[in-house]
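Asks: Below is one structure. I have some questions about it.
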């Protein structure tokens with residue numbers, strides 16, 4: 001592995017351990033030339049993925065780009081980094097398991113939106129504002145209204161009425 005500090009082609013692994021719930025290996029490395037220390041991650045890649053952009057341009061899928069966009073949406077939000085990493089790994093696994101060599105950028109955006117919706121409402125709205133290309137305040141109101149309706153629906157499902165007792169049954173006379 002090339003040293004990011006001096007560019008030396010040789011580095012030594014000092015420590016390896018599982019990361020991301022066993023989906024990756026974290027390696028601590030040291031450069032024998034400049035003594036620089038750095039970390040690398042090794043992940044399984046099932047297939048080479050490409051993203052088909054709205055413009056028609058075809059680019060390689062880059063996991064770190066996905067992670068950066070999610071991190072921007074989650075900036076200054078109280079979300080456990082391990083949950084975020086599991087979310088990103090889950091999206092990447094879903095993309096790889098689709099079996100397609102090309103994935104439309106809209107499909108990736110939809111997966112991120114779905115995942116952020118369950119993780120953090122503010123991050124969801126932030127991401128939606130870029131993904132859906134908000135132009136005015138009413139666009140924000142619309143998405144916040146969607147969130148409010150879904151939270152109300154979830155609350156209604158969790159509060160179920162207690163079963164009626166025999167005393168309450170008017171047909172039991």
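A short reminder: the numbers here are calculations on the coordinates, not readings from a lab. Bear in mind the structure is a predicted one, so any value in this text is a computation, not a measurement. Heads up, the Cβs are rebuilt from the backbone with ideal geometry, glycines too, and the neighbour counts pull from every protein chain shown.
Asks: Can you work out the PRE-style zone for residue 104? Point 7 Å along Cα to Cβ, and I want the residues of the range 54-98 with backbone N under 14 Å.
Replies: Zone members listed by number: 54-57.
Asks: Sticking with this one: Beta carbons within 10 angstrom, averaged per residue: use that to sort the peptides 8-18, 120-130, highest first. Provide the component values of the computation, followed by the final result.
Replies: On the way: 8-18: 11.7, 120-130: 18.8.
Highest to lowest by the protection proxy: 120-130, 8-18.
Asks: Between residue 94 and residue 20, what is the label-point separation in nm under the 7 Å Cα-to-beta-carbon projection?
Replies: Taking the simple label geometry, residue 20 and residue 94 are separated by 1.6 nm.
Asks: Students often check this: by mean Cβ neighbours within 10 Å, which of 57-66, 83-92, 133-142 ranks highest, and how do the rest follow? Walk me through the numbers on the way to the answer.
Replies: Numbers: 57-66: 12.8, 83-92: 17.9, 133-142: 10.3.
Going by the mean number of other Cβ atoms within 10 Å, highest first, we get 83-92, 57-66, 133-142.
Asks: Which residues in the range 39-83 place their backbone N less than 11 Å from a point set 7 Å from the Cα of residue 129 along the Cα-to-Cβ direction?
Replies: 73
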